[in-house]
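The structure appears right after this line, and notes come after that.
The values are calculated or read from the model by the stated rules, or taken from the named source; none is laboratory data. Being a predicted model, the structure only gives us computed values, none of them experimental. Don't worry about glycine lacking a Cβ; one is built from the backbone with ideal geometry, like all the others, and counts go over all protein chains shown. Only protein heavy atoms, including side chains, enter the accessible area calculation; ligands, DNA and RNA are left aside. Shrake-Rupley method; radii C 1.70, N 1.55, O 1.52, S 1.80 Å.
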Amino acid sequence: MSEDKLDKIMQLRESFMVALKNKRPTTYPDWPLKLSNKRDQQVCRDMALRGVEEMFEALQHLKNWKPHRETRVTEFDRDAFLEEIVDALNYFFSLLILTGVTSEELFDAYVKKDKIIHDRIKSGY
């Protein structure tokens, strides 16, 4: 039986977080965070914004999105684009880990939301 890839990603990320916290103790607070705590909410916000920043770095690789631009950039560094997407996902996975969300919970929430958005399409949302 093959290993679940989402589980593996989360294990890899948490392993990195533990290693970094051991080397630089102030990098991450102890987790899971208490989301009723103001400081812990600030940590979550900061982590999410880091992920958003990495997504913006990925978007910098897209050169042909301006509708008014007549010239086309034909080169695209897919590896660099993908690396930035992975950087963003790392921050988002860190956020999940810090808040105690498991891969199973994430999957279940994803499936639940997927049903909702499909139902919206069917109902003319």
Would you mind finding the one in D46, D87, D30 that is acidic (D, E), out of contact with any His (no Cβ under 9 Å at 6 or more places or on another chain), closer than 27 Å to T102 by Cα and not in a helix (DSSP H, G or I)? D30
Quick one: in segment 17-36, which of the residues that are in contact (Cβ under 8 Å) with a residue 12 or more places away in the chain and open to solvent by 70 Å² or more (accessible area, probe 1.4 Å) is nearest to E84 (Cα to Cα)? P32
Of the residues in segment 90-125, how many are more than 16 Å from L6 (Cβ to Cβ), outside any loop (DSSP other than H, G, I, E, B) and open to solvent by less than 100 Å² (accessible area, probe 1.4 Å)? 7
Take segment 47-106 and flag every residue that is in contact (Cβ under 8 Å) with a residue 40 or more places away in the chain and small (G, A, S). A48, G51, S94, G100, S103
On the basis of being of a type in the set (D, E) and closer than 27 Å to L6 by Cα, does E70 make the cut? no
Step by step: first the residues of segment 49-77, then only those that are acidic (D, E) and part of a helix (DSSP H, G or I), then the one that is most open to solvent (accessible area, probe 1.4 Å). Which residue is that? E53
Would you call R39 part of a helix (DSSP H, G or I), loosely packed, with under 12 Cβ neighbours inside 10 Å and among the basic types (K, R)? yes
Hits in segment 78-89 (condition: crowded, with 17+ Cβ neighbours inside 10 Å and farther than 18 Å from D7 by Cα): E84
Among the residues of segment 42-69, the number that are farther than 16 Å from Y91 by Cβ and within 21 Å of the chain's Cα centre (by Cα) is 3
